[in-house]
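Student: I have a structure I would like to understand better, so I am pasting it below and will then ask my questions one at a time.
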Amino acid sequence: MTSSVYKILTANQWSAFQAEGRFAGSEDDLRDGFIHLSTQAQVDGVIQRYFSAVKPLYVAEFSNPVFIDQLQWDAATSGELYPHLFNASLLLGDVAGVVER
């Protein structure tokens, strides 16, 4: 479906991810039972909807095909498909790059 997906992280989340080498999810992820991810085309909209008052943000890219194959694509209320990671943590070794926003 896509060659890369992205996780939007706050500064505290990104620091903890780097220190621990893994990220089990944000409060929203833990509440919902999966890690919310976005395609490149979805990142700006997600930032505007959910993170507009948060600075800085870190957008981590995941492009490992094995990682991508683990994702489940679910429809939002808009009908748009979003990638979700169930029953796993994000691993620092899978991060292909990160951009501060």
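The values are calculated or read from the model by the stated rules, or taken from the named source; none is laboratory data. This structure is a prediction, so every number in the text was calculated from the model and none was measured. Here the Cβ positions follow ideal geometry from the backbone for every residue, glycine too, while neighbour counts run over all protein chains shown. Quick note on the areas: whole protein, heavy atoms, side chains included, nothing else; ligands and nucleic acids left out. Shrake-Rupley method; radii C 1.70, N 1.55, O 1.52, S 1.80 Å.
Student: How far apart, in nm, are the 7 Å Cα→Cβ label points at L81 and V98?
Tutor: 2.9
Student: Rounded to whole Hz and in sequence order, give me ³J(HN,Hα) for region 11-24 from the Karplus expression 6.51 cos²θ - 1.76 cosθ + 1.60, θ = phi - 60°, writing x for Gly and Pro.
Tutor: Calculated HN-Hα couplings, in order: 4, 5, 5, 5, 4, 5, 4, 5, 5, 8, x, 8, 9, 7 Hz.
Student: Next up: Kirkwood hydrodynamic radius (Cα pairs, Å) of region 1-41?
Tutor: Evaluated over region 1-41, this radius sits at 11.2 Å.
Student: In nm, give the distance between the simple-model label positions of V66 and D44, each being 7 Å from the Cα along the Cα-to-Cβ direction.
Tutor: So the label points at V66 and D44 sit 3.5 nm apart.
Student: Also, quick follow-up: With every protein chain left in place, what is the accessible area per residue of the chain in square angstrom, probe 1.4 Å? Numbers along the way, then the final one.
Tutor: On the way: 5860 Å² over 101 residues.
It amounts to 58 Å² per residue over the chain.
Student: For region 40-56, just list the computed ³J(HN,Hα) in residue order, Karplus coefficients 6.51, -1.76 and 1.60, θ = phi - 60°, integers in Hz, with x standing in for Gly and Pro.
Tutor: 4, 5, 8, 4, 4, x, 5, 4, 5, 6, 10, 10, 4, 9, 9, 9, x
Student: Under 5 Å between amide hydrogens, which residues at least 5 positions from D74 or on another chain qualify, with H placed 1.01 Å from N in the peptide plane?
Tutor: HN-HN under 5 Å from D74: Y82, H84.
Student: Say the dipole of region 51-101 comes from +1 at the beta carbon of Lys and Arg and -1 at that of Asp and Glu; which of Q70, L81, V54 then lies farthest toward its positive end?
Tutor: V54
Student: Hey, what do the phi angles of region 60-68 turn into as Karplus ³J(HN,Hα) couplings, whole Hz, using 6.51/-1.76/1.60 and θ = phi - 60°, x for Gly and Pro?
Tutor: Working through the residues one at a time gives 8, 9, 10, 10, 4, x, 5, 5, 4 Hz.
Student: Give the carbon-plus-sulfur fraction of the accessible surface of the chain in %, rounded to a whole number; probe 1.4 Å, heavy atoms of protein chains only.
Tutor: 49
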